[in-house]
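Report on the following structure.
Derivation of every value follows stated rules applied to the coordinates shown; laboratory data play no part. Treat the numbers as computed from the prediction; the structure is a model and nothing was measured. With ideal geometry, Cβ positions are generated from the backbone for all residues, glycine too; neighbour counts draw on all protein chains shown.
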Amino acid sequence: MSAELPDYYFRVRENGAFVFRVDTENRQRRIEMDQIAVVNIRNGEIKPHGDRKLSAQDLKEIKAWMTQRAAILAERDIDDIHRAVDYLNLTTQWAQSKASDDQLEQVTDALLLAMHDLRSVLVRKKADRLIGKPGRDG
């Protein structure tokens, strides 16, 4: 563990974080963490905790963390998709070489529906990109 602790600690939660100011400059030399805000990555909201007023430095640190966190989550999303491609390949190999008839019976319909749904979305999105149309949601 490094000798210097950061000034802020972000306790990650599903859609953001609780933000704490870290204090080690006290008489007991204990680490104290004082919650100062709650942040929501999805909507960009920063809510001060209680009656607290956030300083310019607080806001600067929180916004920098939010930008960094959004980049990390975006990297994870694309990594998950690359893993999904690997899993599809492994599933194909399993179905071809190892799966019993009973195992295939358990998963075939679910896999076919999921792959049909995925294929439909990918084909539509590819067509939209080729004709320069903005993507459709839903």
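Distant-in-sequence amide contacts of residue 49, defined by a placed amide H-H separation under 5 Å and a gap of 5 or more residues or a different chain, comprise 37, 38. What's the angle, to the nearest 10 degrees (0 to 90), between helix 101-130's Cα axis and the longest principal axis of the chain? So the inclination is approximately 70 degrees. Between the listed residues 123, 107, 43, the Cα displaced farthest toward the positive end of the dipole of the chain, a dipole computed from Cβ unit charges relative to the Cα centre, is found at 43. Treating each Cα of the stretch 8-80 as one equal point scatterer and applying the Debye formula with no solvent, the log10 of I(q)/I(0) at q = 0.12, 0.14, 0.24 Å⁻¹ comes out as -0.36, -0.48, -1.08.
Remark: relative contact order (the chain) = 11 percent; criterion is Cα-Cα distance under 8 angstrom and separation of 6 or more residues. Among 32-38, 75-81, the peptide with the highest mean count of other Cβ atoms within 10 Å heads the list, and the full ranking is 32-38, 75-81.
Restricting the calculation to Cα atoms, the chain yields a radius of gyration followed by a Dmax of 23.6, 70 Å. The calculated FRET efficiency for residue 5 paired with residue 80, based on their beta-carbon distance and R0 = 25 Å, is about 0.20. Under a model in which nothing but the beta-carbon of Lys, Arg (+1) and Asp, Glu (-1) is charged, the chain shows a dipole of about 580 debye around its Cα centre. Taking Cα atoms only, the orientation of helix 56-97 departs from the longest principal axis of the chain by about 20 degrees. Local charge for residue 82 was computed over the other residues whose Cβ lies under 12 Å away, with Lys and Arg +1 and Asp and Glu -1, and equals -3.
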